[in-house]
Amino acid sequence: MEEKKLGLGSVISVSVGLVIATSCLVSLGQGAGTVGVIFILAMVIACLLNMTTIASLSELNALMPNTTGGLAQYTLAALGPFPTLISMVGGYLFCNVLSCGVEASIFAYALGEVIPLPIPTITYTFIVTVVLLIANLNGVDMFAKVQDVVTYLMVASMVILGIIGALGLGTGEKVSQPMNMTLDVPTVVSMTAVAFWLFIGAEYVIPVSKEVKNAKRNVPLGMFLGLGLICLVQSILVLGFHNYTPWAELADSAAPHMLYGENLLGGPGRIWMVFVAALALISSQNSGINGLASICQGMAKMNMMPQCFAKTNKKNVPYVGVWFVSVLILFFAFLSSDSSDAISFFILVASVFWMVSYIFAHIDVLILRKRLPKAPRSFKVPFGPVFPVIGILGTAYMILNISTDPAERNAIWLITGVVFLILAVYSAFWIRYKMRMPVFKSVPVPKVMAMENSMYYQIRKRRGICK
């Protein structure tokens, strides 16, 4: 029997790894610059809301353990293949690959500004992506080693920079300004939509749960601890922002974390913050490549993606997915190298799909509880349907308030609707002619679990049930 390699510390690092990214540092600075220290309250609300999602996903993982595709398989069992394909292709693959590409290009641009060399900035992105590609092709052990070192260095650096600022120990000039720009409750509550992005992605540990020691305890506990750690670290940074960066400049800056580092410690602080941004990029991209490749593998096992994504190398790594995700990250990084503002807008569009997938997770819990009330679960969300319903309503509120600019918000909704329509046509065609399954009929849990076995589709192909 193969020994499982990931402990609780690795689970936390994977959970934190995708969540803290360069765009999160930007959102943190801009959110704090808009309302002040009170943004911490919006962060706590958003964190608690995301914890309801983590709770629902933990229950689903307890009901259907060791599933490679995670949410894809949960939704297939609860709602059927149609919403599964739409939520996973739009909410996970498109959103994450696009955001990872933009993260990489923004970091490369910042690095080029700090360390100007006569080379295209895309070179930095290429180097990072190739290194992480090789690391992920070498198995979960190498992935975990990279993730642990990078994540804990990143968190430690953020804590130190935050504490220096919060205690007023920086070498830069302190700023005299009010703690809060506003105490208006509706305004503060509306900022939870900005804060929501700071906590998305902790569930990426679920696709690798088969490699986790004592997964029943460590998977949910690691995700909850990861979100709590993120909230604490970012709250400390907000207190540091108050002492060293004018709120107005922070809100208007395209790189507020760089502004804070320079105001806090001068040139060394700017370089240190570039180091933090590099760690955030490596951490999020490493988690993204590993998690998305596993999700593609799980969807291939369900015949929702081409079967080549289910193939593994000698290290048991779904290498086609690793290559596919890495190449797409480079592609979107290249596209966004000169138009980061436009791509950042599309990240907001893609984030709506991610939120929709979270709503599906809560709905999955409610449906499977009703359908399988006595099925064994090592973890169950307490207080019946209360937290899943709160999660659905809260996430729907975030979608309705995805932007404070009405014109931008309407544009996001319009593009989301168009993408939904395209995905709906694609999903209906794929399910009907490739999977040869009813479009809206849910699949029994035992059958979904059986799809993990490679013999499942070999038998179906022999019988002519699927192509």
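Every number here is computed from the coordinates shown, using simple stated rules; none is lab data. Being a predicted model, the structure only gives us computed values, none of them experimental. Every residue, glycine among them, receives a Cβ derived from its backbone with ideal geometry; neighbour counts consider all protein chains shown.
Roughly how many Å is it from the Cα centre of region 301-332 to that of region 151-218, as a whole number?
Answer, in whole Å: 31.
Counting only other residues whose beta carbon sits under 11 Å from that of residue 78, what net charge do I get with K and R as +1, D and E as -1?
+2
Sticking with the crude label model, points 7 Å out along Cα→Cβ, report the distance from residue 307 to residue 115 in nm, one decimal please.
So the two model labels end up 4.6 nm from each other.
Relative contact order for the chain: what is it in percent, counting Cα pairs under 8 Å that are at least 6 residues apart?
Relative contact order comes out at 34 percent.
Would you mind checking the pairs 210/311; 301/441; 314/434; 210/380; 145/315; 213/447 and listing those with alpha carbons more than 22 angstrom apart?
314/434; 213/447
How would you rank 132, 153, 71, going from fewest to most other Cβ atoms within 10 Å of each one's own Cβ?
Details: 132 24, 153 16, 71 27.
Result, fewest neighbours first: 153, 132, 71.
Starting from the Cα-Cα distance between residue 386 and residue 418, subtract it from 0.36 nm times their residue separation and give me the gain in nm to one decimal.
Details: separation 32, 0.36 × 32 = 11.52 nm, distance 3.27 nm.
Additional length available on full extension: 8.3 nm.
Give me 203, 173, 211 sorted ascending by neighbouring Cβ count inside 10 Å, so fewest comes first.
Ranking 203, 173, 211 by Cβ neighbours within 10 Å, fewest first, gives 173, 211, 203.
On a 0 to 90° scale, report how tilted helix 386-400 is relative to the longest principal axis of the chain, with both axes built from alpha carbons and the result rounded to the nearest 10.
60
Using 0.36 nm per residue of separation minus the Cα-Cα distance, give me the extension gain between residue 174 and residue 160 in nm, one decimal.
3.3 nm
For 15, 190, 235, what ranking results if the residue with the fewest other Cβ atoms within 10 Å of its Cβ goes first?
Details: 15 28, 190 16, 235 20.
Listing 15, 190, 235 from fewest to most nearby Cβ atoms yields 190, 235, 15.
With each run of n ≥ 4 DSSP H residues scored as -39500 (n - 2.57), what mean residue ellipticity at 222 nm is computed for the chain after dividing by its residue count and rounding to the nearest 500 deg cm²/dmol?
Computed ellipticity for the chain at 222 nm equals -23000 deg cm²/dmol.
List residues of region 29-51, by number, whose backbone nitrogen lies under 17 Å from a label position 7 Å along Cα→C-beta of residue 184.
31-39, 42
Distance in nm between label sites at residue 372 and residue 407, each 7 Å beyond Cα in the beta-carbon direction?
5.0
If I take R0 = 51 Å and measure r between the Cβ atoms of residue 440 and residue 252 in this structure, what FRET efficiency does the formula 1/(1 + (r/R0)^6) give, to the nearest 0.05?
0.60
If you line up the Cα atoms of the chain on their principal axes, what length do they span on each, largest first, in Å?
74, 49, 43
I need the calculated FRET efficiency for the pair residue 396 and residue 428, taking r as the beta carbon distance and R₀ as 30 Å, to the nearest 0.05.
0.75
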